[in-house]
Amino acid sequence: MSFEDLEPRTAKPAPKDLNVLGVAELNDYIAGLEAEIARARAAIAAKQAQKSAAEAFFRKP
C-alpha cells in the first residue's frame, strides 16, 4: 500500500475565477448557484419530513 492509496479520490473543485467573467455572466452564475441552493433546501425539507414522519410513527404512546 502506498501513500497515494490513502489520499481521497475526489478532490474539492477549485473556486471559479470570477475576474474573467462579465456582469451578465456573473448574474447567470449567481442564478445557477441560487437554483442549486433551492434544490438543496428542498432536499433538506424532504429529509426532515421523512424524519418527522418516522419519529411520529415510532413514538411510544
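All of the numbers you see were taken from the coordinates with simple rules; none came from a lab. Just so you know, these numbers come straight off a predicted model, no measurement behind them. Positions of Cβ are generated from backbone atoms using ideal geometry, with glycine treated the same way; all protein chains shown enter the neighbour counts.
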Can you give me the angle between helix 23-58 and the longest principal axis of the chain, using Cα atoms only, in degrees from 0 to 90, rounded to the nearest 10? 20
Using a 10 angstrom cutoff on alpha carbons, build the Gaussian network for the chain and name the most mobile of A24, A49, A11. A11
With at most 13 other Cβ atoms within 10 Å, longest stretch of the chain clear of loop trypsin sites (Lys or Arg not before Pro) (DSSP): 17-58
In Å, the Kirkwood hydrodynamic radius from C-alpha pairs for the chain sits at 16.1
Along the positive direction of the dipole of the chain (beta-carbon charges: Lys, Arg +1; Asp, Glu -1; about the Cα centre), which of L6, A24, A56 reaches farthest? A56
Just tell me which lysines come within less than 19 Å, Cα to Cα, of K51; anything on the same chain fewer than 8 places away is out. K60
